[in-house]
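The values are calculated or read from the model by the stated rules, or taken from the named source; none is laboratory data. Just so it is clear, the model here is predicted, and its values are computed rather than measured. Cβ placement follows ideal geometry from the backbone for every residue including glycine, while neighbour counts extend to all protein chains displayed.
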Amino acid sequence: MAEIPAAFRDLLDKKALASVATVMADGGPQVTPVWFDHADGKLRINTAKGRVKSRTMKEGAKVALAIVDPDNVYRYMQVRGRVTRATEQGADQHIDALSQKYLGKPYPFRQPGEKRITIEITPEAVQTMG
């Protein structure tokens, strides 16, 4: 597991979005801006079951994230890694925690019957700039 350099760990707690790149079934790339947080050296995102991310980010899948500093757009980091866990367990609480970080309130966009998934990504390589 690669570590986030100390000089860039502040990006993990800012209200920065992460652009997550995955590979579709046809081999084509797909990129989505997402909320994220971190725990135990892993980056975590959340999605709803049935969305593209829930299909492309299965355990073992390769992914990349680009996180741009909202205070200095010339400072960023790229994290390449693998999905090491995708689970519905605790995912509703996780999306509420992400919403608190980004909106300051519980997740307001929940749909009836929606099943949430928390996706953990273990960094394998980190590149930084700025």
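Residues in region 16-56 that are part of a loop (DSSP other than H, G, I, E, B) and either under 17 Å from I95 (Cβ atoms) or without any contact (Cβ under 8 Å) to a residue 40 or more places away in the chain (or both): how many?
Counting residues in region 16-56 that are part of a loop (DSSP other than H, G, I, E, B) and either under 17 Å from I95 (Cβ atoms) or without any contact (Cβ under 8 Å) to a residue 40 or more places away in the chain (or both) gives 12.
Would you confirm whether any residue within region 29-43 is among the hydroxyl-bearing types (S, T, Y) and closer than 24 Å to Q100 by Cα? Explain how you work it out, then say what you get.
Taking region 29-43 first, the residues among the hydroxyl-bearing types (S, T, Y) are 32.
Now narrow it down to the ones that are closer than 24 Å to Q100 by Cα: 32.
Looking through region 29-43, at least one residue is among the hydroxyl-bearing types (S, T, Y) and closer than 24 Å to Q100 by Cα.
Out of region 61-99, which residues are outside any strand (DSSP E or B) and β-branched (V, I, T)?
The answer is V73, I95.
Return yes or no: is Q111 more than 19 Å from S19 (Cβ to Cβ), at pLDDT below 95 and not in a strand (DSSP E or B)? So that I can check it myself, show each step before the final result.
Numbers: more than 19 Å from S19 (Cβ to Cβ): yes; at pLDDT below 95: yes; not in a strand (DSSP E or B): yes.
Yes; evaluated as a whole, the condition is true for this residue.
Across region 34-61, what is the total count of residues that are hydrophobic (A, V, I, L, M, F, W, C), within 13 Å of the chain's Cα centre (by Cα) and farther than 13 Å from T87 by Cα?
Residues meeting the conditions: 5.
What are the residues in region 65-96 that are of a type in the set (S, T, Y) and free of Cβ contacts under 8 Å to residues at least 40 places away in the same chain, if any? Don't jump to the end; show me each part of the working.
Taking region 65-96 as the starting set, the residues that turn out to be of a type in the set (S, T, Y) are 74, 76, 84, 87.
Hit for region 65-96 is T87, nothing else.
Test D37 against the criterion of being among the charged types (D, E, K, R), farther than 18 Å from K115 by Cβ, crowded, with 16+ Cβ neighbours inside 10 Å and in contact with a His (Cβ under 9 Å, 6 or more places away or on another chain), and give yes or no.
Judged against the criteria, D37 is a match.
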